[in-house]
1. Any residue at all in the range 100-118 that is touching a helix residue (DSSP H, G or I) at 6+ places or on another chain (Cβ under 7 Å) and assigned by TED's automatic domain parsing to the domain that holds residue 173?
2. Hey, among 180, 240, 254, which residue is in contact (Cβ under 8 Å) with a residue 24 or more places away in the chain and closer than 30 Å to residue 90 by Cα?
3. Based on this model, can you work out whether residue 216 counts as under 20 Å from residue 275 (Cβ atoms) and at pLDDT below 90?
4. Scan the range 167-175 and give yes if some residue there is under 30 Å from residue 34 (Cα atoms), without any contact (Cβ under 8 Å) to a residue 60 or more places away in the chain and within 17 Å of the chain's Cα centre (by Cα), otherwise no.
5. What number of residues within the range 128-169 satisfy the criterion of being part of a strand (DSSP E or B) and within 28 Å of residue 90 (Cα to Cα)?
6. Name every residue in the range 223-239 that is modelled with pLDDT of 80 or more and part of a helix (DSSP H, G or I), in order of residue number.
7. Quick check, is residue 249 under 23 Å from the mean Cα position of the chain (by Cα), surrounded by fewer than 19 Cβ atoms within 10 Å (Cβ to Cβ) and at negative phi?
8. Can you pull out the residues in the range 22-72 that are modelled with pLDDT under 90 and not in a loop (DSSP other than H, G, I, E, B)?
């Protein structure tokens, strides 16, 4: 999968997949070092262009993070796990930049405050936008960890370090994540999974939270990455009876008029929106539950995601955290 992330200069690719401006796709950034963990071919991670991530990119599963030889790969608690991270350098310098690659693990959540270090390494990355893969990082997720954990990766270099204190995969080019969990439906077609909503900032904030199936383009990308056939259940959350609850109580839903206004502004497809207020660096457990849609047979699988967001694209204050869930239908 990493080979597909190599440098490209095809003129027929859209801007978000090409890098650079029209007519100069390979022009470097005007700094000596400009590193990124790429989510798609030609990804430079520039604010307002490739960050936040464009439609079709899956923020919670970066293919540059390879686990046990596979993008989207799995691990077993208590056993050695091998992780590599791909990185590109779009800077204008003439030499290779030393890049530190660090990986942490954390409970499945939409944000991160206290991850546990998994391991780290160093890789030299020349300019030019070509993707280089880090040496293998070998670590062990302890038996005491949840059955599924998230991995977050960060790259930094002496002349290019993350400028924001929070962990921001999909928002800040130095960060990426592998944040995919699984659940199996019961005999009645119900499924559920507990995740954490997290405020990664040092101030109280209100977040909009939504749970929905993947769109067709993202679902196709996910299936190719995981080498798994996934059923497209459409975009209607009603067909899955998705709902979020905390402490046994449903999360507060936005009134329909407010939901329609926000969805139109942010170009979201679902109107099933919730609002949650979290204190500084607060973490709150929620349960995502739903029903397998009619017509989805036993032995198949489909995907849903939970997204937590705040801020405004145009003002440059947008934040979004996310986690993906593969639901395997009991046969």
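The values are calculated or read from the model by the stated rules, or taken from the named source; none is laboratory data. Just so you know, these numbers come straight off a predicted model, no measurement behind them. Here the Cβ is made from the backbone with ideal geometry for all residues, glycine too, and neighbour counts use every protein chain on show.
1. First, the residues of the range 100-118 that are touching a helix residue (DSSP H, G or I) at 6+ places or on another chain (Cβ under 7 Å): none.
Within the range 100-118, not a single residue is touching a helix residue (DSSP H, G or I) at 6+ places or on another chain (Cβ under 7 Å) and assigned by TED's automatic domain parsing to the domain that holds residue 173.
2. Testing whether each residue is in contact (Cβ under 8 Å) with a residue 24 or more places away in the chain and closer than 30 Å to residue 90 by Cα leaves just 180.
3. Details: under 20 Å from residue 275 (Cβ atoms): no; at pLDDT below 90: yes.
When the stated conditions are applied, residue 216 does not pass them.
4. Initial filter on the range 167-175 (under 30 Å from residue 34 (Cα atoms)): 167-175.
The next check asks that each one be without any contact (Cβ under 8 Å) to a residue 60 or more places away in the chain; those that pass are 167.
Cutting the leftovers down to within 17 Å of the chain's Cα centre (by Cα) gives us 167.
Yes, the range 167-175 contains at least one residue that is under 30 Å from residue 34 (Cα atoms), without any contact (Cβ under 8 Å) to a residue 60 or more places away in the chain and within 17 Å of the chain's Cα centre (by Cα).
5. Taking the range 128-169 first, the residues part of a strand (DSSP E or B) are 131-133, 137-140, 150-157, 160.
Checking the rest, the ones that are also within 28 Å of residue 90 (Cα to Cα) come to 131-133, 137-138, 150-157, 160.
Matching residues across the range 128-169 total 14.
6. Listed by number, the residues that qualify are 223, 224, 225, 226.
7. Values: under 23 Å from the mean Cα position of the chain (by Cα): no; surrounded by fewer than 19 Cβ atoms within 10 Å (Cβ to Cβ): yes; at negative phi: yes.
No.
8. Correct list: 24 only.
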